[in-house]
1. Within the range 6-40, can you find the residues that are under 30 Å from Asp115 (Cβ atoms), among the hydrophobic types (A, V, I, L, M, F, W, C) and part of a loop (DSSP other than H, G, I, E, B)?
2. Restricting to the range 41-96, name every residue that is open to solvent by less than 60 Å² (accessible area, probe 1.4 Å), in a loop (DSSP other than H, G, I, E, B) and out of contact with any strand residue (DSSP E or B) (no Cβ under 7 Å at 6 or more places or on another chain).
3. Collect the residues in the range 33-65 that are of a type in the set (Val, Ile, Thr) and more than 16 Å from the chain's Cα centre (by Cα), keeping them in residue-number order.
4. Just to be sure I understand, how many residues within the range 102-121 are in a helix (DSSP H, G or I) and either open to solvent by less than 30 Å² (accessible area, probe 1.4 Å) or of a type in the set (A, V, I, L, M) (or both)?
5. Any residue at all in the range 122-140 that is open to solvent by less than 70 Å² (accessible area, probe 1.4 Å), among the aromatic types (Phe, Trp, Tyr) and either touching a Lys or Arg at 6+ places or on another chain (Cβ under 6 Å) or in a strand (DSSP E or B) (or both)?
6. Any idea which of Val137, Val122 is touching a His at 6+ places or on another chain (Cβ under 6 Å) and modelled with pLDDT of 95 or more?
7. Within the range 154-170, track down each residue that is more than 16 Å from the chain's Cα centre (by Cα), over 14 Å from Leu84 (Cα atoms) and at pLDDT 95 or above.
8. In this structure, is Gln104 under 24 Å from His2 (Cβ atoms) and in contact (Cβ under 8 Å) with a residue 24 or more places away in the chain?
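The values are calculated or read from the model by the stated rules, or taken from the named source; none is laboratory data. Since this is a predicted model, take the numbers as computed values, not measurements. As a convention, Cβ positions derive from the backbone with ideal geometry for all residues, glycine included, and neighbour counts pool all protein chains shown. Heads up: the accessible areas ignore ligands, DNA and RNA and are worked out on the full protein's heavy atoms, side chains in. Shrake-Rupley method; radii C 1.70, N 1.55, O 1.52, S 1.80 Å.
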Amino acid sequence: MHLRELTHTDYAQFVALREYALKEYPASFSAANEEEQADRKHKFNSLVSHRVNFILGAFVGEMLVGMVGFMQLSRKKISHKGELTAMIVSAAYQGQGIGYALLQHALEKAFLIEDIHQINLVVNEDRKSAIALYKKVGFVPYGLEKNAIRVEGKMHTAIHMVKRSSSSQH
């Protein structure tokens, strides 16, 4: 397994993994596949060519088996924060340390960005293994959002988590 930032040439594999994630774990993502399709390529291209934002991929051979995105918040007063998004590892590769490696590398890269002092994420409270993984890399819960997402009429609760850089004062 090797990790690297996704580039424009990874788009087809990105789409396959993203569609898998949205189909298999619909309550873990606020987006629906049919909503994303129209501007997916534009958003992907914007992310992979951004000066600080990125999508980190985990590859087994040449196959993309996991990914996580990072985006720095753009408004001046909150630009010290970033968000981890779209975390997924294919079921066949879960439990092998790939998610941990992705998160560790993404956090190291994100905290190297000059102004980043805090990284947030949101996770479905039913995703116990994901929550345990986030805690393992240092995220702590700070809020619970009831009815955060509705999938096929069923409401799901989200846990908001944060990790602060070691240099943060608060």
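1. Leu6, Phe29, Ala31
2. Answer for the range 41-96, where residues must be open to solvent by less than 60 Å² (accessible area, probe 1.4 Å), in a loop (DSSP other than H, G, I, E, B) and out of contact with any strand residue (DSSP E or B) (no Cβ under 7 Å at 6 or more places or on another chain): just Gly61.
3. Result: Val60, single match.
4. Selection size over the range 102-121: 5.
5. yes
6. From the options Val137, Val122, the qualifying one is Val122.
7. Lys154, Met155, His156, Thr157
8. For Gln104, the condition - under 24 Å from His2 (Cβ atoms) and in contact (Cβ under 8 Å) with a residue 24 or more places away in the chain - is met.
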